[in-house]
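Q: Have a look at the structure that comes next, please.
The values are calculated or read from the model by the stated rules, or taken from the named source; none is laboratory data. Keep in mind it's a predicted model, so treat the numbers as computed, not measured. So basically every Cβ, Gly included, is an ideal-geometry build from the backbone, and we count neighbours across all protein chains shown.
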Amino acid sequence: MTRDWWKHMVLILGTIIVLAPFYMMVSYSFKSPGEIDRGEGGFFGRQEMMIDPRCVALRQPDRADIEAARARFAGQDDASVQASLLAETEADCSMRPVVFNYSKAFTEAPLVRYLLNGVIVTVSIFLIQIVVALPAAYALAKLKFWGRDAVFGLVLFCLLIPVHAIALPLYIGLAKLGLTNTYAALVVPWTISVFGIFLMRQFFMTVPDDLIDAARMDGMSELAIVWRVMLPTAIPALLAFAIFSVVAHWNDYFWPRIVVTGNRDLFTPPLGLREFKGDGDGSFFGPMMATATVIVTPLIVAFLLAQRRFIEGITLSGMK
Amino acid sequence: MSDLQIASVTKHFGETSVLKGVTLDVKDGEFISLVGPSGCGKSTLLRIIAGLETPTSGNIAIGGINVTQLRAADRNLSMVFQSYALYPHLTVAENIAVPLQMRQMSALQRLPVLGSIVPGARTQKDDIAQAVRHAAEMLEIAALLDRKPGQLSGGQRQRVALGRALVRDPAAFLLDEPLSNLDAKLRVQTRAEIAELHRRLKATFIYVTHDQVEAMTMSDRIAVMMGGEILQCAAPDVIYEDPDDIRVAEFIGSPKINILPVERNGTALTVFDQVLNSRLSIDSPKVMQMGLRPEALQLTQSAPRLTGRVVHLENLGSEVFAQIALDSDGSRVTLRAMPEQRQNLGLGAPVGLSFDLNAAMIFDAGGARLRQVELAATRAAEVA
Amino acid sequence: MVAIDPSLAADVTKPKADNRQARTGWGLAAPALILMFLILLVPIIAAGVLSFTNYSLGNPSFDWVGLQNYERLFTRSTYEKMYVATFTYVVTVVPISVGLGLGAALLVHSLGRIGDIYKTIYFLPVMATLLAMAIAWEFMLHPTIGMVNRTLEMACGTWFEVIPFFADGCAEGFPLWLGDRDYAIWVVCFIGIWQGFGFNMVLFLAGLTSVHRELYHAAEMDGARSGWERFRLVTWPALGPTTVFVVTISCIRAFQVFDTIEAFWPQGGGPNKSAYVMMFAIFEKGIQQNLIGIGSAITMLFLLFVMFLTLIQRWLVERKVHY
């Protein structure tokens, strides 16, 4: 341990650099705009009550309000009634910075919708990938048919193609079909995971033939074998692949940026954050960082809970 | 080459104690086997000798010099590993050359390209190549020198590992179950070759194995280890014929030795209430155990000491092993018989067994040998 | 019971069973095959064809322009900047993130179980949404209220000012970072390394744990005294295949850098186009400006680079197959 102190020094330095932006992101999501500007307040900020200027501006008391309130402030002139009303509004509009930031994150933009979209897109991508890849992987691993080697060769060739790289022609195709700005556009290009086929094929190769023959003796069809015999044996590999797929598509920004333009109802979390940044002025750093925190948190928490599985899943590509 | 002393070595891993004070003197040029079931601490002991692990207490001395604090690289020992541990990216020749390069060439000389310019590097290299060739020829792997380990069979890799060990002149060779990854036939062959190598090199060999046949066939002495202790260290025939402990008797010998319960009634030694002799001193314990090797039992018609029925037969061609369930308590004993006795050994056939008291070993209830009792018993038999 | 001539039975059933397996085989693989063609192969061909046209989305027709698009790619200064930015990024990020990944892996591995905590921390950037982290970095690097410059300013008035960088910074203000064309691409590189080295570290760690422990013992017995000698003799050769893989995947990922650049400079790819990388060029030309022809040409060039890299990797791995 004492011998290793220099290693810890180096690694801790790395830790500081790695964690700095996370620290800042979470810290800003707690602080008031003033604290952010002046760079004070430590990690949590002082959490003094602050007044939301937009809220006040929206509820500026007008003539009618003053007339209506006259009964409550009997015997006062208009100016002081207005002042009292303003004070009430300000009291209503004041809140702790952390509440302000996070409530703004959810109210200024339909963040819940974005998160829901993220879930819809990642889950449907993963499910379709499995439905397409598993039977193909089974056929390539366990069935003998003419042309199998050619098909597998094609799979190996397609492994070379990064889908992001062919975004432009894919976009043109989808545009021609009138599919831009739909869920389909977000999902379709990812429905085929060549890597998934390859991975599952390698996994199925290790499943003993006897198991399949036994299932055939029991009278199962080939498709039934895929779903009722092969799928259960492949659960660990599938779990790793699920993590690989979900992380990639939850975090993906490039592809949604291309096919979803303007229609907020289809925004995925990263797009929503981008939109926030686009129209935010300086005073909105807090809510923006709150949004970023909300978007990043689910995967980070899941990762911390199941580190080994996540690392396995993300480095799956290392098995090529 | 020199002798090697292991003095009251202990090793603890946390709470568990793997070695409980092992002392062993290995003479120069001796072939000694450490044998025992898995988990008995034999591999740990070997790794402590090698310097790959440090003992919790105790000392290791090589040639009279205490090396306990010395690291493995400085102890001048060679080791053959169970997995062979060949460097996969180097050819056979390069693998064998590594220990020489590491020891004889300076770091500068070992540099690729640049190293060859350093003065002396050329002759060094030639010397090493010479030594590698010599070792390869001794092991008949000269034809494989340019291959990589991945292209070799298990037996060939094993030879390369041996070659890497003997290319220099170490104080002792340490072999950690070197044959366990070979198939049965190759194992027999390599066994003979290693024994021959030992005779040729006249070097000290310390050989770890769980296979008693290897230990019996190759060693000058066998150290039987169990539970982190050496139970007995002696020549193979002594270990087999005259074990100090029932665990040694049970571990060595195949099929296993037969153990029967014996009792002392007054001055009489009895097995299943049958008196074997009646001259026992009354100091000897009441409950004892008797060990009988399968070849110590004989089939007999007249006045058998034990009776039973054949329940299982194993015919190995040159000999027959019969398992016999004893009438007295149903326990089974193994009998070695000659093939011509087969007709008496039909399944279920009743048989009578006798044995020579000279061949019986008596142990106390805890397993320690009671030579006193045996002496009294044989003397009584002579009188009778 | 009907007696069947055994030879006849064999003749008839075997091809039949084979046929049936062939049909189910193709049947099961068909959906994947069709999608593979439609989503991966057809677009490549389409991009290849379109790169010879002046097509725009919404136009009823297009003209063949021959090699004009490619010619532009090799003559216009914009594209020269694109190559410079892309290769600067790749050549910086790949070696440093691989080196740091290896170094971190060796340190973490040598620490045993305590090392796992560093592994977890270093892997966090890999998991986090890059766009969100890019925005966080943008705040960190904000010229006036960013954490980075605030930290640097703390050095003013101390002996740090001996260093020219601090002297200039304290006198004339610290760099604008993202707004400064001398720094922009390097900042992007830094974030790329920040994000990617944990991934490489984990791959190297997997490689390290698969090295047989007896090899280290053998090296020790063979007289390898120093850690460096053991690294040269055992670790480095054993990590060979991992290294080849890590370098390739880092290259491919580096070529695809987009999120950070689009987040920092939605228009134009950085000050003076100093961070105008290929993916951003495809996005800007092909999608924002609807110049499909030129976008397709860049796409083809990009694919060429990536496939070339992967083929080199495959070749290197094949060469080492006799392990």
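Q: Identify the residue in the stretch C:112-122 that is farther than 11 Å from A:Leu11 by Cα and not acidic (Asp, Glu) and, among all such residues, is nearest to the chain's Cα centre (by Cα).
A: Taking the stretch C:112-122 first, the residues farther than 11 Å from A:Leu11 by Cα are C:112-114, C:116, C:120.
Applying the additional criterion that residues be not acidic (Asp, Glu) yields C:112-114, C:120.
Values: C:Gly112: 29, C:Arg113: 30, C:Ile114: 30, C:Thr120: 21 Å.
Checked the stretch C:112-122; the qualifying residue nearest to the chain's Cα centre (by Cα) is C:Thr120.
Q: Applying the selection to the stretch A:253-279, what residues are surrounded by 22 or more Cβ atoms within 10 Å (Cβ to Cβ), more than 9 Å from chain C (Cβ to nearest Cβ) and assigned to a loop (DSSP other than H, G, I, E, B)?
A: A:Phe267, A:Thr268, listed by residue number.
Here is a yes/no grid of residues against (1) more than 19 Å from the chain's Cα centre (by Cα); (2) crowded, with 17+ Cβ neighbours inside 10 Å; (3) of a type outside the set (Asp, Glu); (4) not assigned by TED's automatic domain parsing to the domain that holds B:Ile49:
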site: B:Glu140; (1), (2), (3), (4): yes, no, no, no
site: B:Gly163; (1), (2), (3), (4): yes, yes, yes, no
site: B:Pro170; (1), (2), (3), (4): yes, yes, yes, no
site: B:Pro178; (1), (2), (3), (4): no, yes, yes, no
site: B:Asn181; (1), (2), (3), (4): no, no, yes, no
site: B:Gln189; (1), (2), (3), (4): no, no, yes, no
site: B:Glu196; (1), (2), (3), (4): no, no, no, no
site: B:Arg199; (1), (2), (3), (4): no, no, yes, no
site: B:Ile206; (1), (2), (3), (4): no, yes, yes, no
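Q: Report yes if C:Ala281 is assigned to a helix (DSSP H, G or I), more than 10 Å from chain A (Cβ to nearest Cβ) and buried (at least 20 other Cβ atoms within 10 Å of the Cβ), otherwise no.
A: Details: assigned to a helix (DSSP H, G or I): yes; more than 10 Å from chain A (Cβ to nearest Cβ): yes; buried (at least 20 other Cβ atoms within 10 Å of the Cβ): yes.
Yes: the conditions hold for C:Ala281.
Q: Determine, yes or no, whether C:Ile121 is at the interface with chain A (Cβ under 8 Å from one of its Cβ atoms) and not in a helix (DSSP H, G or I). Even if it seems obvious, please write down each step before you answer.
A: Numbers: at the interface with chain A (Cβ under 8 Å from one of its Cβ atoms): yes; not in a helix (DSSP H, G or I): no.
Criteria not met by C:Ile121.
Q: Would you list the strands (runs of 3 or more DSSP E) that sit entirely within the stretch B:140-243 and hold 2 or more residues that are touching a Phe, Trp or Tyr at 6+ places or on another chain (Cβ under 9 Å) and either touching a residue at least 12 places away in the same chain (Cβ under 8 Å) or not basic (Lys, Arg) (or both)?
A: On the way: elements: B:172-176, B:204-209, B:221-226, B:229-234.
Where strands (runs of 3 or more DSSP E) fall fully within the stretch B:140-243 and carry at least 2 residues being touching a Phe, Trp or Tyr at 6+ places or on another chain (Cβ under 9 Å) and either touching a residue at least 12 places away in the same chain (Cβ under 8 Å) or not basic (Lys, Arg) (or both), they are B:172-176, B:204-209, B:221-226.
Q: Looking at the structure I just gave you, is C:Leu102 of a type in the set (A, V, I, L, M), more than 9 Å from chain A (Cβ to nearest Cβ) and either surrounded by fewer than 23 Cβ atoms within 10 Å (Cβ to Cβ) or part of a helix (DSSP H, G or I) (or both)?
A: Yes; evaluated as a whole, the condition is true for this residue.
Q: Here is a follow-up. If we scan the stretch A:3-23, do we find a residue that is among the hydrophobic types (A, V, I, L, M, F, W, C), modelled with pLDDT of 80 or more and closer than 18 Å to A:Lys277 by Cα?
A: Our first condition is that a residue be among the hydrophobic types (A, V, I, L, M, F, W, C); within the stretch A:3-23, this holds for A:5-6, A:9-13, A:16-20, A:22.
Going one step further and asking which of them are modelled with pLDDT of 80 or more, we end up with A:5-6, A:9-13, A:16-20, A:22.
Filter once more, keeping what is closer than 18 Å to A:Lys277 by Cα: A:22.
Yes, that holds for at least one residue.
Q: Something else about it: Which numbered condition in (1) of a type in the set (Val, Ile, Thr); (2) touching a Lys or Arg at 6+ places or on another chain (Cβ under 8 Å); (3) part of a loop (DSSP other than H, G, I, E, B) is the only one that C:Thr144 fails?
A: Single failed check for C:Thr144: (2).
Q: When both residues are 6+ apart or on different chains and their Cβ atoms are under 7 Å apart, which pairs have a first residue that lies in the stretch A:53-82 and is modelled with pLDDT of 75 or more, and a second that is assigned to a loop (DSSP other than H, G, I, E, B)?
A: A:Val81/A:Arg70; A:Val81/A:Phe73; A:Gln82/A:Pro61
Q: For B:Thr307, all conditions in the list (1) touching a residue at least 40 places away in the same chain (Cβ under 8 Å); (2) assigned by TED's automatic domain parsing to the domain that holds B:Leu375; (3) more than 21 Å from B:Val320 (Cβ to Cβ); (4) surrounded by fewer than 17 Cβ atoms within 10 Å (Cβ to Cβ) hold save one; what is the number of the exception?
A: (3)
Q: Working carefully through the options A:Thr122, A:Thr89, find the one that is in contact (Cβ under 8 Å) with a residue 24 or more places away in the chain and touching a Phe, Trp or Tyr at 6+ places or on another chain (Cβ under 6 Å).
A: Numbers: A:Thr89 fails: touching a Phe, Trp or Tyr at 6+ places or on another chain (Cβ under 6 Å).
Just a single option satisfies the conditions, and that option is A:Thr122.
Q: Against the condition in contact with a Phe, Trp or Tyr (Cβ under 7 Å, 6 or more places away or on another chain) and over 27 Å from B:Glu196 (Cα atoms), how does B:Pro261 come out, does it pass? Give the steps one after another, and end with the answer.
A: Working: in contact with a Phe, Trp or Tyr (Cβ under 7 Å, 6 or more places away or on another chain): no; over 27 Å from B:Glu196 (Cα atoms): yes.
So B:Pro261 fails the test.
Q: So B:Glu137 ticks every box in (1) charged (D, E, K, R); (2) part of a helix (DSSP H, G or I); (3) modelled with pLDDT of 90 or more but one. Which box is left unticked?
A: The failed condition is (3).
Q: On the basis of being free of Cβ contacts under 8 Å to residues at least 12 places away in the same chain, among the charged types (D, E, K, R), in the same structural domain as A:Phe244 (by TED's automatic domain parsing) and over 23 Å from A:Pro270 (Cβ atoms), does A:Asp209 make the cut? Lay out the reasoning, then the answer.
A: Details: free of Cβ contacts under 8 Å to residues at least 12 places away in the same chain: no; among the charged types (D, E, K, R): yes; in the same structural domain as A:Phe244 (by TED's automatic domain parsing): yes; over 23 Å from A:Pro270 (Cβ atoms): yes.
No; evaluated as a whole, the condition is false for this residue.
Q: Another one. Pick from B:Ala377, B:Ala349, B:Ala268: which is under 33 Å from the mean Cα position of the chain (by Cα) and aliphatic (A, V, I, L, M)?
A: On the way: B:Ala349 fails: under 33 Å from the mean Cα position of the chain (by Cα); B:Ala268 fails: under 33 Å from the mean Cα position of the chain (by Cα).
None of the others qualify; the one that does is B:Ala377.
Q: Provide a single number: the residues in the stretch C:185-237 that are over 16 Å from B:Pro99 (Cα atoms), facing chain B (nearest Cβ under 7 Å) and in a helix (DSSP H, G or I).
A: Residues flagged as over 16 Å from B:Pro99 (Cα atoms), facing chain B (nearest Cβ under 7 Å) and in a helix (DSSP H, G or I) within the stretch C:185-237 amount to 1.
Q: Taking the stated definitions as given, is C:Asn272 touching a residue at least 12 places away in the same chain (Cβ under 8 Å), away from chain B (no Cβ under 14 Å) and outside any helix (DSSP H, G or I)?
A: Details: touching a residue at least 12 places away in the same chain (Cβ under 8 Å): yes; away from chain B (no Cβ under 14 Å): yes; outside any helix (DSSP H, G or I): no.
Against the criterion (touching a residue at least 12 places away in the same chain (Cβ under 8 Å), away from chain B (no Cβ under 14 Å) and outside any helix (DSSP H, G or I)), C:Asn272 does not qualify.
Q: If C:Val244 satisfies every condition in (1) more than 14 Å from chain B (Cβ to nearest Cβ); (2) hydrophobic (A, V, I, L, M, F, W, C); (3) surrounded by fewer than 24 Cβ atoms within 10 Å (Cβ to Cβ) but one, which is the exception?
A: (1)
Every residue, every condition in (1) within 13 Å of chain A (Cβ to nearest Cβ); (2) of a type in the set (Phe, Trp, Tyr); (3) farther than 17 Å from C:Phe258 by Cα; (4) in a loop (DSSP other than H, G, I, E, B), yes or no:
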residue: C:Tyr276; (1), (2), (3), (4): no, yes, no, yes
residue: C:Gly286; (1), (2), (3), (4): yes, no, no, no
residue: C:Gly293; (1), (2), (3), (4): yes, no, yes, no
residue: C:Thr299; (1), (2), (3), (4): yes, no, no, no
residue: C:Leu304; (1), (2), (3), (4): yes, no, yes, no
residue: C:Arg314; (1), (2), (3), (4): yes, no, yes, no
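Q: Just for the stretch A:22-37: of the residues that are hydroxyl-bearing (Ser, Thr, Tyr) and part of a loop (DSSP other than H, G, I, E, B), which one is farthest from the other protein chains (Cβ to nearest Cβ)?
A: Quick first cut of the stretch A:22-37, residues hydroxyl-bearing (Ser, Thr, Tyr) only: A:23, A:27-29, A:32.
Retained after the next criterion (residues that are part of a loop (DSSP other than H, G, I, E, B)): A:29, A:32.
Details: A:Ser29: 10, A:Ser32: 13 Å.
Applying the filter and picking the extreme gives A:Ser32.
One line per residue, one yes/no per condition, for (1) more than 7 Å from chain A (Cβ to nearest Cβ); (2) among the basic types (Lys, Arg); (3) more than 22 Å from C:Phe258 (Cβ to Cβ):
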residue	(1), (2), (3)
C:Leu38	yes, no, yes
C:Phe52	yes, no, yes
C:Val65	yes, no, yes
C:Thr75	yes, no, yes
C:Glu80	yes, no, no
C:Gly112	yes, no, yes
C:Asp116	yes, no, yes
C:Trp137	no, no, no
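Residue-wise test of (1) at pLDDT below 90; (2) in a loop (DSSP other than H, G, I, E, B); (3) surrounded by fewer than 13 Cβ atoms within 10 Å (Cβ to Cβ); (4) more than 8 Å from chain A (Cβ to nearest Cβ).
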{"position": "C:Leu28", "(1), (2), (3), (4)": "no, no, no, no"}
{"position": "C:Leu41", "(1), (2), (3), (4)": "no, no, no, no"}
{"position": "C:Ile45", "(1), (2), (3), (4)": "no, no, yes, yes"}
{"position": "C:Asn59", "(1), (2), (3), (4)": "yes, yes, yes, yes"}
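Q: Of all residues being surrounded by 18 or more Cβ atoms within 10 Å (Cβ to Cβ), aliphatic (A, V, I, L, M) and assigned to a helix (DSSP H, G or I) in the stretch A:60-118, which is nearest to the chain's Cα centre (by Cα)? Just the residue, please.
A: Here the answer is A:Leu115.
Q: Within the stretch A:168-192, work out how many residues are under 30 Å from A:Lys142 (Cα atoms) and more than 9 Å from every other protein chain (Cβ to nearest Cβ). Please lay out each step first, then the result.
A: Taking the stretch A:168-192 and keeping what is under 30 Å from A:Lys142 (Cα atoms), we get A:187-192.
So of that shortlist, the ones also more than 9 Å from every other protein chain (Cβ to nearest Cβ) come out as A:187.
Here the count works out to 1.
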